[in-house]
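Okay, structure first, notes after.
Each reported figure results from applying straightforward, stated rules to the coordinates on display, with no laboratory input. Since the model is a prediction, treat every value here as computed from it, not as a measurement. Note that we place each Cβ from the backbone using ideal geometry, even for glycine, and neighbour counts take in every protein chain shown.
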Amino acid sequence: MEIVLLIILIVLVVALFVISYMKKKKYNNELSQMRSELKVGDKVMTDTGVVGEVVDSYIEDEYKYFVLKSGKGSNVGYFTVHANAIYYVFGKEEKQTTQKVVVKPVDSKQEKSVDDNIVDVAESKEKEDNQNTKSAPEAKNEGQEEKFSQKKSQTKKSNKK
């Protein structure tokens with residue numbers, strides 16, 4: 001029994017490492033693709049939190065570098081960073097998720113029939129609810145009325161005799 005638990009534990013630990021490795025690999029692939037698609041004018045953030053705009057890129061000693069412009073007004077500065085220092089590009093998500101939605105008009109007959117069905121269903125549901133959910137005093141009064149009418153009919157029959 002202890003061997004089975006040990007085997008299960010080992011399998012779970014190995015699975016955890018495999019899943020972690022796969023996620024890290026996917027993340028690194030996305031980062032490298034994002035870095036390869038950078039162009040002049042993109043607004044980026046470095047891994048140290050510096051936000052700037054790409055104004056130039058060049059390759060030196062087989063490494064890719066970007067020149068960033070950061071700051072406003074008279075506090076503008078230019079600096080060079082290695083491509084691996086850039087980890088976020090502003091505006092990429094907005095461009096990818098923005099989709100044009102085309103709404104086709106519906107025939108007025110179809111729309112009316114659907115609305116009528118909804119109203120009919122709502123009305124029938126309301127009637128059922130009213131019949132099924134009578135308050136306790138109403139149900140008690142109805143029961144008393146039935147008993148009273150039965151007693152009345154019995155007294156009439158006994159009086160006729």
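Before moving on, here are some points about what is shown:
- Per-residue Cβ neighbour rank within 10 angstrom, fewest leading, Asp42, Asp61: Asp61, Asp42
- The calculated FRET efficiency for Phe79 paired with Tyr21, based on their beta-carbon distance and R0 = 30 Å, is about 0.30.
- Here Leu31, Leu16 are placed in order of increasing Cβ neighbour count within 10 Å, fewest first, which gives Leu16, Leu31.
- With a simple spin-label model that places each label point 7 Å from the Cα along the Cα-to-Cβ direction, the separation between Val55 and Ile3 comes to 7.0 nm.
- Taking the number of Cβ atoms within 10 Å of each Cβ as an exposure proxy, the fewest-first ranking of Ile10, Ile3 is Ile3, Ile10.
- As a calculated quantity, the FRET efficiency between Lys72 and Thr48 at R0 = 30 Å, using C-beta atoms, amounts to about 0.95.
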